[in-house]
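Structure record follows, encoded as structure tokens.
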């Protein structure tokens with residue numbers, strides 16, 4: 001390739017094309033990184049939300065059981081039934097959307113056990129309330145042989161809670177927390193893939209910068225060696241010729257348009273030397 005203009009133009013075009021394609025590749029990879037990041041964040045938020053819903057439902061159910069045992073109020077039966085239904089709905093969503101199945105079976109078994117105990121508690125509470133109401137009616141009817149103690153059921157709510165329900169509740173909450181930890185751990189491989197995508201997005205830019213620096217250095221050397229230094233040498237030699245009459249000689253290597261410029265200057269000098277004797 002000849003010509004300073006062509007060489008400079010090709011150098012700059014190479015830099016522009018390189019940066020353009022590097023930008024396209026980086027943009028594509030960055031979009032993938034952005035999409036993967038949003039997907040991971042959504043999955044994490046969804047898993048945490050489901051775990052929180054299950055913990056809240058279990059906590060409300062536990063609170064209702066305690067209040068029902070202590071105060072013996074049937075008003076909490078509705079809360080218990082609602083908590084059971086909410087837990088079942090949330091667990092169904094978890095089964096449908098779960099990516100990590102490691103703790104899902106344990107979680108399901110713990111939830112079913114708590115639901116079974118809660119339904120058993122509601123049945124026993126209902127039987128006790130019915131028996132107590134029947135006992136009061138019979139006492140009002142004058143049957144002295146029947147006392148309140150005789151109609152009280154053998155069901156001891158406090159003991160049942162301490163020996164059965166409390167343990168089942170602790171196991172359920174532990175299973176929910178283990179499930180939450182496992183779902184977050186399952187995102188680790190996707191996080192590693194996200195890191196690799198990020199590196200792939202940055203790599204083309206780094207390579208482009210290195211190549212661009214190399215091209216700029218080469219262009220600097222070319223301009224300095226074949227343009228700047230020859231022009232400075234011609235300027236000095238031409239000045240010496242005009243001031244001191246020294247021969248016009250260029251020590252630097254000249255090519256292309258600079259060589260043509262040197263030849264034109266030589267022609268002008270030769271022509272000037274020929275015209276001087278004629279003028280005399």
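Coordinate-derived values only; no laboratory data. Here the structure is a predicted model, which is why all the values come from computation and not from measurement. Every residue, glycine among them, receives a Cβ derived from its backbone with ideal geometry; neighbour counts consider all protein chains shown.
At 7 Å along the Cα-to-beta-carbon direction for both residue 170 and residue 256, put a label point, then send me their distance in nm to one decimal.
Simple spin-label model gives 8.5 nm for this pair.
Using the 10 angstrom Cβ neighbour count as an exposure proxy, how do 223, 33 rank, fewest first? Write out the running numbers ahead of the final one.
Numbers: 223 15, 33 20.
With the fewest neighbours first, 223, 33 line up as 223, 33.
Determine, from the Cβ-Cβ distance of residue 220 and residue 198 and an R0 of 35 Å, the FRET efficiency 1/(1 + (r/R0)^6), rounded to the nearest 0.05. Don't skip to the answer; put the middle values down first.
On the way: r = 33 Å, r/R0 = 0.94.
Efficiency, rounded to the nearest 0.05: 0.60.
First measure r as the distance between the Cβ atoms of residue 210 and residue 40, then evaluate 1/(1 + (r/R0)^6) with R0 = 30 Å and state the FRET efficiency to the nearest 0.05.
Details: r = 32 Å, r/R0 = 1.05.
It comes to 0.45.
For region 225-279, take N as its residue count and report Rg(C-alpha) divided by 2.2 N^0.38 Å.
Values: Rg = 12.0 Å, N = 55, 2.2 N^0.38 = 10.1 Å.
Cα Rg divided by the expected 2.2 N^0.38 Å: 1.18.
Run the numbers for residue 30 and residue 48: contour at 0.36 nm per residue of separation, minus the present Cα-Cα distance, in nm.
Stretched fully, the residue 30-residue 48 segment lengthens by 3.8 nm.
Full extension from residue 177 to residue 81: what is 0.36 nm times the residue separation minus their Cα-Cα distance, to one decimal in nm? All intermediate terms of the calculation are to be shown ahead of the outcome.
Working: separation 96, 0.36 × 96 = 34.56 nm, distance 2.32 nm.
Here the segment from residue 177 to residue 81 would lengthen by 32.2 nm.
Would you please give the FRET efficiency between residue 191 and residue 19, computed as 1/(1 + (r/R0)^6) with r the Cβ-Cβ distance and R0 = 51 Å, to the nearest 0.05? Before the final figure, lay out each step's value.
Values: r = 30 Å, r/R0 = 0.60.
According to the calculation, E is roughly 0.95.
Test of understanding: ordering 241, 76, 220 by Cβ neighbours within 10 Å, fewest first, what list do you get? Write down the numbers at each step before the final one.
On the way: 241 16, 76 23, 220 11.
Ascending Cβ contact count within 10 Å gives the list 220, 241, 76.
Can you compute the modelled spin-label distance between residue 92 and residue 59, with each label point 7 Å from Cα toward Cβ, in nm?
Computed distance between label sites residue 92 and residue 59 equals 2.5 nm.
For a quick size check, give me the Cα extents of region 24-74 along its three principal axes, largest first, whole Å.
That works out to 70, 11, 7 Å along the principal axes.
Using every alpha carbon pair in region 1-56, what percent of pairs falls into each 5 Å bin from 0 up to the bin containing the largest distance?
Percent of pairs per bin, in order: 4, 16, 10, 11, 9, 8, 8, 6, 7, 5, 5, 4, 3, 2, 2, 1.
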